[in-house]
Amino acid sequence: MKNTVADILIEALPYIQKFSGKTVVIKYGGHAMVDEELKTKFSKDIILLKTIGINPVVVHGGGPQINKVLKAMGITSTFIKGMRYTDDATMDVVEMVLGGKVNKDVVSRINLEGGRAVGLTGKDAGLILAEKMTIYHQEDESKPPEIIDPGMVGDVSRVNPEIIHTLSDQGFIPIIAPVGVGTKGETYNINADVVAARIASALRAERLILVTDVDGVLDSDKTLISSLNEQQARQMIRDSRISGGMIPKVECGLSALNDGVKKAHIINGKIAHAVLLELFTDSGIGTQLFAKKFNN
């Protein structure tokens, strides 16, 4: 009879050796941020990565938590092409929830389990410089596109990763809220997947992992596709085999690949220890994206 624990450790060993000293950027979102048991297991996973010599950097979302506070304050949310319209009142709530309650909850839970986490927003040390996003919407090709103002929704113009390097080198785990700062000190609400991808690019991370509520990219039979290269993924988008909310996640992954990240992964955070299972097992549990020239 096999020793299951020993077999698991032996399977993980080459991956642990491969990733030692490398950076892994993890976008933390979805159900894994709500379920108490999953939150604890995620925290332990992040601590384990740090303990074995890998440098995890966590970028978290917080949409459900923002919705809850906005509702309690009587502020109605409007979404434009999947993005929350962010006026001044909404931006105040977004910054309070993401940079305050949610960020500190992630930090305190990791520290409670024995880790050394430090909370940041993109405003700290000029980590995430942002610019206002403009949305172009065109329903009829015969007419000019409509320009939509989403309010204080931003895009990343530059990442200054020095503070992340400093914290990681000193043994800390950076936990980052996706809030950026403009050239005049304005605060911008930025999609967490985008922030994670841009931070992974700036750090030349070994891996970008997007933790979601779905298994990954599925084929026409709803079967998980475990591995896709860039060319295959873009063809699936053109063919509408990748659609809806999966498109921006795949696009974020491909963007990171083009900027030097080795692989991007889309995994289901509702699976306990999802990050470890994806990184340290031969089969993984989600979809990995890689540049055509790289498949190691």
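Computed from the coordinates by the stated procedures, all read-outs in this text should not be read as laboratory data. Predicted model only: the values in this text are computed from it and were never measured. Reconstructed Cβ throughout: ideal geometry from the backbone, glycine too, with neighbour counts over all protein chains shown.
Using per-residue counts of other Cβ atoms within 10 Å, averaged over each peptide, order 262-274, 213-225, 36-48 from highest down.
Values: 262-274: 21.5, 213-225: 14.2, 36-48: 18.5.
Descending packing order for the listed peptides: 262-274, 36-48, 213-225.
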Calculated FRET value between Thr166 and Leu112, using beta carbons and R₀ = 25 Å, to 0.05
0.60
Considering only the range 174-296, percent of DSSP beta bridges that pair antiparallel, nearest 5:
45 percent
Explain nothing, just the number: relative contact order of the chain, from Cα pairs under 8 Å at least 6 residues apart, as a whole percent.
22 percent
Find how much the distance from Ser226 to Ala6 grows on full extension, using 0.36 nm per residue of separation minus their present alpha carbon separation; answer in nm with one decimal.
76.7 nm
Quick calc: nm separation of the 7 Å Cα→Cβ label points for Arg241 and Ser283 -> 2.2 nm
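Under the rule of -39500 (n - 2.57) per DSSP H run of 4 or more residues, summed and divided by the residues of the chain, what mean residue ellipticity at 222 nm is obtained, to the nearest 500 deg cm²/dmol? Walk me through the intermediate numbers first.
Details: 10 runs with 110 residues, N = 296.
After summing the helix terms and dividing by residue count, I get -11000 deg cm²/dmol.
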Highest GNM mean-square fluctuation, the chain, Cα pairs closer than 10 Å: which of Ile285, Ile80, Ile237?
Ile80
Surface/4 of the Cα convex hull for the range 33-130, nm²
7.5 nm²
Here is the link list: Lys22/Lys68; Lys68/Lys132; Lys39/Lys184; Lys123/Lys249. Which ones come out longer than 29 Å on Cα distance?
Lys22/Lys68; Lys39/Lys184
Could you sort 108-117, 22-31 so that the peptide with the highest average Cβ count within 10 Å comes first and the rest follow in order?
22-31, 108-117
Out of the DSSP beta bridges found with both residues in the chain, what percent are antiparallel (nearest 5)?
40 percent
